[in-house]
Amino acid sequence: MSNPELVEKIENMARDHGYNCVGHTTADKLHPRDAVRDMCAANTCHSYDRNWSCPPACGSIEDYAKKFSEYEDVVVFETVAEMEDEFDVDTMLDTNDDHKERMIPFAEDVREIVPDCLFLSAGPCTLCEECAYPDNPCRFPKKQFAAMEASGLVVSDVCKSADIPYNHGKNHIAYISCVVF
Ligand code: SF4
């Protein structure tokens, strides 16, 4: 059963950690899709089969569907920035770094109150400078961040469900993650 008080607390924590767009949906609205995994396998992000948090190592679509069925709530959080123009790569990279860096202390804070929560990030896990995959086990299996896409989620659908924008308009970039609990 959804826990509105806990949801509000985690939404506020996300804002306190600097996420400037935050929304809520419920875990029963998370639908992992094979088509998203097919895009992972196409390897346009160059992370397929290169990271413990990415396919095929991160588990199957069915594994994620089962995990989601054990949770109630989802807080979706975004880092949104304005670019000088659509080629403003510096802002894109800086915003991605900001989004991922603040997720580490945010996740620590959330895990203090919901230890078994599941964080899904924008892109593959970058906790280590170089992932231990495939020769050695994950160094931080309880802290690693799988990408939302790795779990089979359509990020725009999750944003729609959480009633927050996926697209923030011309010359804006948004990095989007969520925590399921
Ligand atoms: S915690 Fe390190 S070893 Fe584990 S998935 Fe992330 S980058 Fe790879």
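The values are calculated or read from the model by the stated rules, or taken from the named source; none is laboratory data. Everything numeric in this text was worked out from a predicted model, so none of it was measured. Neighbour counts run over all protein chains shown; Cβ positions are idealised from the backbone, glycine included.
One residue is enough: does the range 161-172 have a residue meeting the conditions more than 12 Å from the chain's Cα centre (by Cα), within 11 Å of the ligand (Cβ to nearest atom) and surrounded by fewer than 20 Cβ atoms within 10 Å (Cβ to Cβ)? No, there is no match, as no residue in the range 161-172 is more than 12 Å from the chain's Cα centre (by Cα), within 11 Å of the ligand (Cβ to nearest atom) and surrounded by fewer than 20 Cβ atoms within 10 Å (Cβ to Cβ). Under the condition of being within 8 Å of the ligand (Cβ to nearest atom) and farther than 17 Å from GLU78 by Cα, which residue from the range 140-160 is modelled with the highest pLDDT? The residue in question is PHE140.
Of GLU112, GLU72, GLU78, all but one fail to be closer than 19 Å to ALA174 by Cα and either modelled with pLDDT of 95 or more or among the basic types (Lys, Arg) (or both); the exception is GLU78. In the set PRO115, PRO137, only one residue is exposed (fewer than 15 other Cβ atoms within 10 Å of the Cβ) and either away from the ligand (no atom under 16 Å from the Cβ) or not in a loop (DSSP other than H, G, I, E, B) (or both); that residue is PRO115.
Here ALA65 meets each of (1) outside any loop (DSSP other than H, G, I, E, B); (2) within 15 Å of the ligand (Cβ to nearest atom) with one exception, condition (2).
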